[in-house]
Amino acid sequence: MTRRLYQGIEGIADTSRQLTTDHCPLSTVSEDPKLREECGVMAIYGHPDAARQVYLGLYALQHRGQESAGIATADGQHLANIKGMGLVSEIFTDDVLAKLPGSMAIGHTRYSTTGDSALLNAQPIRVDSVKGLIAIAHNGNLVNLGNIRARLERDGAYFQTTSDSEIIVQLIAHSQAGTLVDAIADSLSQVEGAFSIVMMTRDRIFAARDPRGFRPLSMGRIKNANGPDTIVFASESCAFDLLRAKFERDVLPGELVMVTEDGVTSRQYASGFPQSSCVFEHVYFARPDSRIFGRWVQESRDQMGRQLARESGVPADFVVPVPDSGVTAALGYAEEAGIPFRFGLIRNHYVGRTFIEPEQRVRDFGVRLKLNPVHNLLEGKRVILIDDSIIRGTTSRKIVRMIRGAGAKEVHLRISCPPTISPCFYGVDTPSKRDLIAANKSVEEIRQFIEADSLAYLSLDGLLNCCQGEEKHGYCTACYTGNYPTQWVDADEILPATASV
Ligand code: SF4
């Protein structure tokens, strides 16, 4: 038995408030070896069926969060908002989309770590303030929350959620600035951390990125023969393709873009900050068919594989990716090394969110449910296995054992980024330092733990070179270096396992 929760806010959308029983958001969280992105965002201005367009965009951004999703629409008068637990396609049926009228829409898909409050914190968040109705959808994580929240509460702010995104809206509501756009700029300049946001009032859309540009946010355009262009924003450009929107440009770090009936205007609300876009977007999160931070993800990953082959090549019969995220790097590695590429592990795409009974959480069940080795291919062979990260090490060990169990003679693990030694505070759900194997063991100790014949990671310089486009781009590498671009970090999270707590 599973359940789906909807939350509709205001007027027309309230009719969708319901509880059904066909999906459980608990899923296989403890079995999932991968780091999780917290969100994907989407916005559209000037389309007669805005809700459906955002739905399609969120569908393409589903990899950025699978626990909840929401769409808010506006028609110049009203602002409707529906959020739910589950996948985009499960929540937004035709009936639900029909309750979201208007030519403007914003949307959000989210991975949440909380249980009971998950629906409450689903986005878009809508706040009714003296500045009017504002809906916001946010990708990233703010890091200077405590003081601001306390100050706002002293000033009379009433928070509906525990989400840091609502702080931005409350700052806007309490800003002394004369116009809404000034209030937004004023608010964004007060918060620190990672945010790529889209916002909507009854008649305007806003899009903005934090001054360091941690998370991606692209702007696209649909040319209309008989009227003004439709303007689109999305976390990744892959969301534009289903809409037949053309990628126009990235929203710049520190930029606030406004779309009204008069067209697109932009202002730089903050400048002078060194750029620190998340390099892990190129390693793992973003889709290879997206162009982010001025570069195609596919190109970066292909280069990571090639560089890995140059840095730590080893004789072998096959290069095998850990699907799906290791595939592009493995193709690059195989081509560079001149070793055949083979799908030696097959991923079952239908188990990602399937409920696993607690008694089945033992041993390797979760990994075996998702991945299965191709025995006839692997038997007696020397295998180079390509993956994008080792977090705790337990999943990597299960996969190495699985390949060896299928008869492989040697298993050489290659990782397409440097060792993950520090947690992320900018919107990625990393464990604390004491749980990151690379923060607490040497590469040789990790090799012994995961039982591989050899283990090598991509160098930091190698990774950064692989992610550069025509123009040099500044990246955050904090999870590989411990050097955080912002001052605010959670000290407890960065204690190693050996520290007394
Ligand atoms: Fe990305 Fe790592 Fe920086 Fe987080 S710490 S923003 S995951 S590079």
Yes or no: Asp250 in contact with a Leu (Cβ under 8 Å, 6 or more places away or on another chain), more than 24 Å from Pro288 (Cβ to Cβ) and not hydrophobic (A, V, I, L, M, F, W, C)?
no
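Limited to region 214-241, what total is found for residues that are within 19 Å of the chain's Cα centre (by Cα) and of a type outside the set (Lys, Arg)?
Of the residues in region 214-241, 15 are within 19 Å of the chain's Cα centre (by Cα) and of a type outside the set (Lys, Arg).
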I'd like the residue in region 409-424 that is among the hydrophobic types (A, V, I, L, M, F, W, C) and more than 10 Å from the ligand (Cβ to nearest atom) and, out of all such residues, is farthest from Gln448 (Cα to Cα).
Ile421
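Only residues that are more than 25 Å from Gln190 (Cβ to Cβ) and more than 16 Å from the ligand (Cβ to nearest atom): list them for region 267-286, please.
Within region 267-286, no residue meets the criteria.
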Looking only at residues that are touching a residue at least 40 places away in the same chain (Cβ under 8 Å) and more than 25 Å from the chain's Cα centre (by Cα) in region 313-332, which one is nearest to Leu455 (Cα to Cα)?
Val314
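Using the structure shown, decide if Ile168 is under 18 Å from Val130 (Cα atoms) and within 22 Å of the chain's Cα centre (by Cα).
Taking the combined requirement at face value, the residue satisfies it.
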Among all residue pairs at least 6 apart or on different chains, which show Cβ distances below 7 Å where the first residue, located in region 407-432, is within 16 Å of Ala309 (Cβ to Cβ) and touching a residue at least 60 places away in the same chain (Cβ under 8 Å) and the second is among the small types (Gly, Ala, Ser) and not in a loop (DSSP other than H, G, I, E, B)?
His412/Ser454; Arg414/Ser312; Arg414/Ala456; Ser416/Gly305; Ser416/Ala329
Looking at Ala207, Ala225 in this structure, which one is out of contact with any Cys (no Cβ under 6 Å at 6 or more places or on another chain) and without any contact (Cβ under 8 Å) to a residue 24 or more places away in the chain?
Ala225
Before we move on, is Gly427 surrounded by 18 or more Cβ atoms within 10 Å (Cβ to Cβ), more than 14 Å from the ligand (Cβ to nearest atom) and either of a type in the set (Phe, Trp, Tyr) or closer than 29 Å to Phe214 by Cβ (or both)?
no
Keeping to region 201-225, report how many residues are out of contact with any Gly (no Cβ under 9 Å at 6 or more places or on another chain), crowded, with 24+ Cβ neighbours inside 10 Å and not in a strand (DSSP E or B).
2
Assess whether Pro253 counts as being within 16 Å of the ligand (Cβ to nearest atom), outside any helix (DSSP H, G or I) and at pLDDT 95 or above.
yes
Within region 478-488, count every residue that is among the hydrophobic types (A, V, I, L, M, F, W, C) and more than 11 Å from the ligand (Cβ to nearest atom).
1
Leu26 meets each of (1) hydrophobic (A, V, I, L, M, F, W, C); (2) assigned to a helix (DSSP H, G or I); (3) modelled with pLDDT under 85 with one exception, condition (2)
So, first residue at positive phi in region 468-486, second residue more than 9 Å from the ligand (Cβ to nearest atom) and in a loop (DSSP other than H, G, I, E, B), Cβ within less than 6 Å, six or more apart or across chains; the pairs are none
Condition check: surrounded by fewer than 16 Cβ atoms within 10 Å (Cβ to Cβ), in a loop (DSSP other than H, G, I, E, B) and either over 25 Å from the mean Cα position of the chain (by Cα) or not aromatic (Phe, Trp, Tyr) (or both). Does Ser266 satisfy that?
no
Output the number of the condition that Glu153 fails; it satisfies all remaining conditions of (1) among the charged types (D, E, K, R); (2) modelled with pLDDT under 95; (3) within 16 Å of the ligand (Cβ to nearest atom).
(3)
Tally the residues that are loosely packed, with under 14 Cβ neighbours inside 10 Å, in a helix (DSSP H, G or I), at pLDDT below 95 and among the polar types (S, T, N, Q), restricting the search to region 342-401.
1
Tell me, which residue of region 176-200 that is crowded, with 20+ Cβ neighbours inside 10 Å and of a type in the set (Ser, Thr, Tyr) is nearest to the ligand (Cβ to nearest atom)?
Ser196
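Being under 30 Å from Ser432 (Cβ atoms), at pLDDT 90 or above and of a type outside the set (Lys, Arg) narrows it down to one of His78, His47, His108, so name that one.
His108
The values are calculated or read from the model by the stated rules, or taken from the named source; none is laboratory data. Owing to the predicted nature of the structure, the values given are computational and were not obtained by experimental measurement. For neighbour counting, all protein chains shown are included, and Cβ atoms are generated from backbone atoms with ideal geometry for every residue, glycine included.
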